[in-house]
Amino acid sequence: MAIKMDADEKAGFEILREVLPEDLATDILKHRRRKKAHLTARVAGVLVREYKAFGNPEKAAEIHLMRAWTGFEASWVKNAQKFTDQNHPTPRLSANYGRPEPAPEPPEPINPQRRAELADLARKAARNMRMQ
């Protein structure tokens, strides 16, 4: 199926075709059209440069399409494990969110006499709640 392209798109498409299969280059053209981002020779050149910087142009183009990005930078994928969203930070290495200070020591065990006192207080509180 042939896609109608203007001169700019045709030039950009040919640059993509130098490193990508025709069907993948067509998908990128369609994707950019849906995003209302015109494909020109300059844009295609930048995309090809970034695809090559990734190491595998075809795989990079597939990632570009799967993630529905308008553009592509190899560093976005290569440094993905370093990314943290400041609005939604997530823990990295441990439950203490990567802070190096040690976990607090567990509290001292309660002696049997104090345990009995606390149990009596709890029973009285429960009784008072039922009465109200």
Test set (1) in a helix (DSSP H, G or I); (2) at pLDDT below 80; (3) farther than 30 Å from residue 20 by Cα - residue 113 fails condition number: (2)
Tally, over segment 41-78, of residues that are surrounded by 14 or more Cβ atoms within 10 Å (Cβ to Cβ) and either touching a Lys or Arg at 6+ places or on another chain (Cβ under 6 Å) or hydroxyl-bearing (Ser, Thr, Tyr) (or both): 1
Elements of type helices (runs of 4 or more DSSP H) in segment 21-98, at least 3 residues being modelled with pLDDT under 90: 74-78
Segment 1-20, residues that are modelled with pLDDT of 90 or more and more than 22 Å from residue 62 (Cβ to Cβ): 10, 11
Residues (in contact (Cβ under 8 Å) with a residue 12 or more places away in the chain, of a type outside the set (A, V, I, L, M) and closer than 13 Å to residue 69 by Cα) located in segment 17-35: 27, 30, 31, 32, 35
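The values are calculated or read from the model by the stated rules, or taken from the named source; none is laboratory data. Keep in mind that this is a model prediction, so the values were computed, not measured. Note that each Cβ is placed from the backbone with ideal geometry, even for glycine, and that neighbours are counted across all protein chains shown.
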